[in-house]
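What follows is one structure encoded as C-alpha cells, with my remarks underneath.
No lab work stands behind these numbers, since they all come straight from the coordinates. Model, not experiment: these values are computed from the prediction. Here Cβ is always computed from backbone atoms with ideal geometry, including for glycine, and neighbour counts include all displayed protein chains.
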Amino acid sequence: MEKDYYKVLGVPSDANEGTIKKAYRDLAKKYHPDVDPSPEAEEKMKQASVAYATLSDPKQRREYDLSNAKSMGTIFDDKETIFDDKGTIFGWRRGDKKAKSSQNSKPDFSEIEKLDNKIKEYDEVLKNVTQEISDYNIKITDQRKLIEDEIQQIRNTKSKEENYIKAMKYIEKFRRKDSIRFINLTITQKQYDIYRDCVEILEQIEKQIKALEESLKKEKIEPLEKMKDKKEAEYWQIFNEKHEVRKAYNDHSLRYEYAKEKQKQEAEASKKK
C-alpha cells in the first residue's frame, strides 16, 4: 500500500483541510464501485480512505509528518559511514575540534518552533470557536421550540374564547347547509354575510398569532443568529490565518529536522513517565 498519503490524495504536503477534503471526494467519485467495480479501484479507494482519515485529523496528520521526518532522518544516523578510510569527513579528521564543533552544534529551531506553537494556539482557538457556534445552534433550536409551544398555547386559549367558538360553530353549520344545497335548501344573503364575518374573525385571530410569532422570533432568535454568524466569520478568519502559518511551517527549511527532534524529545519524555 502507498505510504505517502499526500501522493495518494494528489495534494501537496502543505495542503489545507479544504483541499484535502475536495481531493478525497473527487477520488471517491472516481473509484466508487458503481463507477469502477474493478479490484484496482477498490484498492485505490481503500488507500484514499486511510490517507484522508489521517490527513483530515490535525493530531494524526502531525504524527504522520513526524514519522515521515524520522524515516528521512535515518539516512544520517550512522555517523561512521560518512568517514573515509583516513578517518576524515569533508576534509576534517575525526577528533578535529572544528569537525567536532560542526557535529555537535544543533540547528536553530527557534523560528519554526514559534510557527509550531502558533499552529497549536490556532487549533485551540478554532476548537473553542467551534464549540461556541455549536452552543448557539442549540440555543436557537431551544428558542424555536419554546416559541412554538407558546404559540400553540395561545391558539388553544383563543379556541376557548366565546367569539371563536361561535364563529367556528356557525362556519361548520353554514358549510353543512352549503354542501346539501342540492336538496333545495337555500342560504340567504344574511346567512352568507354572517359566515364571512365569522371567517374574518378567525383570520384576524390567526394574523394576531402570526404577528406575535414573528415578534418573538425577532426578539429571541435573531440576536442569537447574528452572534452565530459573527462567530462563523471569526472562525474562517482564524482558519485562514492558521493556513498561512501552516504554509510557512511546511515551507521551512528545518521542517524535517525539527520534526525529528520533537519525536526524540517526546520519546524521552515518554520513557521518564
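Working from label points 7 Å from Cα in the Cα-to-Cβ sense, the residue 220 to residue 240 distance is 3.6 nm.
With an 8 Å Cα cut-off and a minimum separation of 6 or more residues, compute the relative contact order for the range 128-232 in percent. Don't skip to the answer; put the middle values down first.
Values: 49 pairs, mean separation 54.4, N = 105.
In percent, rounded to a whole number, it is 52.
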